[in-house]
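Input: a single structure, listed below in C-alpha cells.
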C-alpha cells in the first residue's frame, strides 16, 4: 500500500489485531540508537488503519528528535489504538495491548497519551514492565502533563525574551488553542505569571467548566488564530499550521504543546520569511517525555527537573543560532538532532 513509502525511516512497525477485544493497535519504532523507544499510547478514532499507522509513524519520528534534543538516553516510538464502536471491554483491550508491548522485550516503553490515562497504564502494567505514567500526581512535577506545561512556560519565556525583549510574561497576550490536560495547566501557570489569555476548545462543556475556574477570554475555535496576541500556543492536535493558517495567525510567536504542528516541513521556511518565530514543538513540549523518562527510571527525578529548567536555554540557543545563520528554527533543530542520533552506533 502507499503508506509503505512513509515507512522507510522506521526501524520497526508492528500491527496487532485481536478479534475478541476489538484491538487494532500499531507500534511504530523510529530509532533506538540512543536507547529504547519511549512514546505514549493514543486511543482515538481513525478513519482507517492506514491513517492510524501514518499518525504513529509521524509521532514516533518526532519522539526521537524530542528525546535527542532533551539529552535523554532514549529513542523514539509511539503506539496508537483505534477507538471504535466494537470495543466493549476497555480493561481486556489494554490487557491484550500490554502483552503486545511485552512481546517487544523492552524495545518500546509505552505511556499515557491522548485518549489514555493512568488507569489504562496500570492495566498494561499487569502484562508488562515496559510502561510509565503510573505513579502520577496530578498537577505536580511527577505528572507528565504538568511537566509538559512547565517546560512550555520556559520555552515561552525564552521566545518572548528573544522576540519581544520582555524578561517576564506579565502582560504578555497568549492565545491557547486547546484546553486539554496540558492546555488547562498551561493556562493556570500563565495566569499566575500575569499573562493575558484568550482560549478555545472544541469541547464547549469543557470550555465552560474552565471559564468558571479561571478568568480567561473564551473565543470560537475558528477565531483563535486571528486573535491579536503576542504568542499563539497550539495545544490540541498536530498539523494545524498550514498555508491557510499562516495568513490568519495574528501573533509574532508560535509556541505550543501540540506535536507535529507544521502541516509540512516547508511551512517553517514561510514562517521564517514572514518574521513569525516558531519554537520547534518537540523542544517546547519536551517536559512530558523528560518526566516519563524519570518515571521509567531512565533518569533521576532531580535530573528531570534540571532538564525541564534547561528548556529555556535550549530554546534560546536555537533561536539565536537560527537568527545568526538565517536558518528556520525547525530545520536547524532537525539538523542538530539528526547529527546526534544518526551518528550513534547501534
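The values are calculated or read from the model by the stated rules, or taken from the named source; none is laboratory data. Everything numeric in this text was worked out from a predicted model, so none of it was measured. Cβ atoms come from the backbone with ideal geometry, glycine included; neighbour counts cover every protein chain shown.
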- [ ] Go through the residues of region 227-239 one by one and say whether even a single one is in contact with a helix residue (DSSP H, G or I) (Cβ under 7 Å, 6 or more places away or on another chain) and either over 20 Å from residue 151 (Cα atoms) or at pLDDT below 95 (or both).
- [x] no
Task: Residues of region 270-285 that turn out to be in contact with a helix residue (DSSP H, G or I) (Cβ under 8 Å, 6 or more places away or on another chain) and outside any loop (DSSP other than H, G, I, E, B), as a count - done: 10
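For residues in region 189-217 being in a helix (DSSP H, G or I) and modelled with pLDDT of 95 or more, which is surrounded by the most Cβ atoms within 10 Å (Cβ to Cβ)?
Narrowing region 189-217 to residues in a helix (DSSP H, G or I): 189-192, 204-213.
Subset that is modelled with pLDDT of 95 or more: 189-192.
Working: 189: 18, 190: 24, 191: 16, 192: 11.
Going through the qualifying residues, I end up with 190.
Specify which of the listed residues (93, 107) is closer than 25 Å to residue 291 by Cα, surrounded by fewer than 24 Cβ atoms within 10 Å (Cβ to Cβ) and assigned by TED's automatic domain parsing to the domain that holds residue 42. Walk me through it before giving the result.
Details: 93 fails: closer than 25 Å to residue 291 by Cα.
From the options 93, 107, the qualifying one is 107.
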Task: Filter result for the condition that a residue is surrounded by fewer than 24 Cβ atoms within 10 Å (Cβ to Cβ) and more than 24 Å from residue 214 (Cα to Cα), over 154, 78, 163 - done: 163
Task: Some residue of region 155-166 being in a loop (DSSP other than H, G, I, E, B) and either in the same structural domain as residue 290 (by TED's automatic domain parsing) or under 24 Å from residue 238 (Cβ atoms) (or both) - done: yes
